Amino acid sequence: MIDTNALFSKSVGIVGCGTIGSFLAELFLEKFRRIYLYDINPEAVSRLYSKLNSKEVIRCETLEDCASSSDILILAIPMSSFDEVAKKLKNLRDGSIVIETSSLKLRILTLLSSSLPRTVEILGIHPMFSPPVDPKHKKMLLIPERISEDNLKRFEKLFQNFGFSTRILMKEEHDKAMAFIQSLIHVPAMAIVLTLYNLLENPQEFLKMRNYMGNFHSLFYDLLSRVTTRDQKMYVSIQLFNPYALKVLKNLKENLDEVITLLENSDEKKLCELLERGSTIIKDAEEAIDRTNKLLDLYDKLEKK
């Protein structure tokens, strides 16, 4: 029986006081002995420090101070910052655990494994949601790089106790999956908003079109906004840092080119055959339609408020 209490006597350092770092700091403050905060932006630290409002929270002036004070160090930083940060993590405690929260794992975990002392354990986590949220039933992926089986089980149990649904997978499997889960959605979303920008005269024209949309179309465009109007650097990095993304996206382009050619040739039969063939990959179609019907009903209620 794995006991998570073994973790709670430890101190936790949060490097990066943005959305994810702040969310984890609030979550971990409930359980852990002490929380250390560091961010290259002192104002971000001050905001989170004031929000947490606890004598168990300590602000650090430097990354090195935060690292040397922490038994568990959480790196909630942009993927483009890991090279620089990894070089500075030379004074970690023996036996400490470094947890990184990036959206992609192969490059980041390999970098940390080669840069950090062998006495340090390394774990990747990927929150599959955008905070702030209720943890209940939200997915938290755990990607072990260099961590004992007992500590991996402790963190899995810890996140489950918070209410998360957890999955454990290897870094290669994770990034291959993210090429389909993230890139195959994010990049078309980018292309769609660029098409709107190029072909519509102004934003008011798009707002006018919203008056003609059903719930499905309105929800679809609302979801596009999450990818294209928030944290654009992060969404671009997700594509650039995934070694499997281009293969998936090139296949998408080939399929789109084929569909457009068939449309130009008015080849209805071939288009239907392609769609029927492709749809066989979706084995839970009826359940998916049922779920989306419920979601669209809820969306209708939200629009009426």
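The values are calculated or read from the model by the stated rules, or taken from the named source; none is laboratory data. None of these values were measured; they are calculated from a predicted model. Quick reminder, even Gly has a Cβ in these numbers, built from the backbone with ideal geometry, and neighbours come from all protein chains shown.
Scanning the stretch 253-287 for residues that are hydroxyl-bearing (S, T, Y) and under 20 Å from A191 (Cα atoms) returns a single hit, T261. Candidates in the stretch 238-293 are the residues that are among the basic types (K, R) and within 22 Å of F180 (Cβ to Cβ); of these, the one that is nearest to the chain's Cα centre (by Cα) is K247.
Among the residues of the stretch 82-130, the ones that are of a type in the set (D, E), within 20 Å of Y38 (Cα to Cα) and either part of a strand (DSSP E or B) or without any contact (Cβ under 8 Å) to a residue 24 or more places away in the chain (or both) come to 2 in all. Taken over the stretch 158-176, the criterion of being farther than 10 Å from I143 by Cα, surrounded by fewer than 20 Cβ atoms within 10 Å (Cβ to Cβ) and among the charged types (D, E, K, R) is satisfied by K176 alone.
Conditions (1) in the same structural domain as K31 (by TED's automatic domain parsing); (2) at pLDDT below 95; (3) within 16 Å of the chain's Cα centre (by Cα); (4) of a type outside the set (V, I, T), marked per residue:
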site: P132; (1), (2), (3), (4): yes, yes, yes, yes
site: L141; (1), (2), (3), (4): yes, no, yes, yes
site: S165; (1), (2), (3), (4): yes, no, yes, yes
site: L184; (1), (2), (3), (4): no, no, yes, yes
site: M190; (1), (2), (3), (4): no, no, no, yes
site: N211; (1), (2), (3), (4): no, yes, no, yes
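Select, from K250, K283, the only residue that is at pLDDT 95 or above and either part of a helix (DSSP H, G or I) or in the same structural domain as A189 (by TED's automatic domain parsing) (or both).
On the way: K283 fails: at pLDDT 95 or above.
Testing whether each residue is at pLDDT 95 or above and either part of a helix (DSSP H, G or I) or in the same structural domain as A189 (by TED's automatic domain parsing) (or both) leaves just K250.
Can you spot a residue in the stretch 144-155 that is over 17 Å from G16 (Cα atoms), among the aromatic types (F, W, Y) and in a helix (DSSP H, G or I)? Yes, because at least one residue in the stretch 144-155 is over 17 Å from G16 (Cα atoms), among the aromatic types (F, W, Y) and in a helix (DSSP H, G or I).
Scan the stretch 77-106 for residues that are within 21 Å of the chain's Cα centre (by Cα) and under 21 Å from L152 (Cβ atoms) and the total you get is 10.
If you go through the stretch 232-245 and pick out every residue that is free of Cβ contacts under 8 Å to residues at least 40 places away in the same chain and over 17 Å from Y197 (Cα atoms), you end up with 2.
Counting just the residues of the stretch 7-27 that are within 21 Å of the chain's Cα centre (by Cα) and either assigned to a loop (DSSP other than H, G, I, E, B) or free of Cβ contacts under 8 Å to residues at least 24 places away in the same chain (or both), which one comes out nearest to L152 (Cα to Cα)? Among them, the one singled out is G16. For the stretch 19-61, the set of residues classified as touching a strand residue (DSSP E or B) at 6+ places or on another chain (Cβ under 6 Å) and surrounded by fewer than 15 Cβ atoms within 10 Å (Cβ to Cβ) consists of R33, E56, listed by residue number.
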